[in-house]
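Worksheet for the structure shown next.
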Amino acid sequence: MWIVGILGSLLGLVGIMAVVGAALPQDHVATRSIVLKQQPEVVWPVIADIAQWPSWNANLKRVERLPDREGRSVYLVEDSSGPIPSEVMQVAPPPGATLVTRIADPQLPFGGTWTWKAEPHAEGCRVSITENGSVTHPFYRFVSRFVMGHHRNMDAYLKELGRKFGESVQPT
């Protein structure tokens, strides 16, 4: 009988998570940034070379180059959550250093873009990531907002980038 009670409680919890998730907006925008002592011209090649991200980002298992799509580079970026195909939508070196990638799998319950910027700052360089995300499934929307948080992956990437340059950074 206690098993039925536990299963009922779990189903109730999942139901509450789905209802709350359904009430959340499907789309979100989140931005995080760090300041590094290096100039954008030093930081930019590290950011722009997606194939080499695992060399400085310990959270990544691998990055694999996939065939281009409509003339744009595509990479399979794999972390502990699994592989995600990412399409490069825009690349612009300094000044105005910008890298825009887009999740390239419409079957996933989430999608969107990451816009990286490396801009001059009094101390060296401000690196920011802006996520324009969309989470279609209500349960994943709840998890994305309240369990994982929209900033978790961006914070991890930025901390690893700081570590690459020998700096301890706290994304804001």
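The values are calculated or read from the model by the stated rules, or taken from the named source; none is laboratory data. Given the structure is predicted, the values throughout are model-derived calculations rather than measurements. So basically every Cβ, Gly included, is an ideal-geometry build from the backbone, and we count neighbours across all protein chains shown. These area figures cover heavy atoms from the full protein model, side chains too; ligands, DNA and RNA do not enter into them. Shrake-Rupley method; radii C 1.70, N 1.55, O 1.52, S 1.80 Å.
Computed quantities for the displayed model
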{"read-out": "Residue among 118, 56, 97 farthest towards the positive dipole end of the chain, charges placed on Cβ", "value": "56"}
{"read-out": "For segment 142-157, Karplus couplings with θ = phi - 60° (6.51, -1.76, 1.60), whole Hz, Gly/Pro x", "value": "4, 4, 4, 7, 9, 9, 7, x, 5, 9, 3, 5, 4, 4, 4, 4"}
{"read-out": "Debye, to nearest 20: dipole size of the chain, +1 on Lys, Arg Cβ, -1 on Asp, Glu Cβ", "value": "260"}
{"read-out": "Of all accessible heavy-atom area on segment 43-172, the percent that carbon and sulfur account for (1.4 Å)", "value": "52"}
{"read-out": "Surface accessible to a 1.4 Å probe, per residue, for the residues of segment 19-172, Å²", "value": "53"}
{"read-out": "Net charge contributed by nearby residues that have their C-beta within less than 10 Å of residue 113 (K/R +1, D/E -1)", "value": "-1"}
{"read-out": "Local electrostatic count, residue 34, Cβ distance below 10 Å [Lys/Arg +1, Asp/Glu -1]", "value": "+1"}
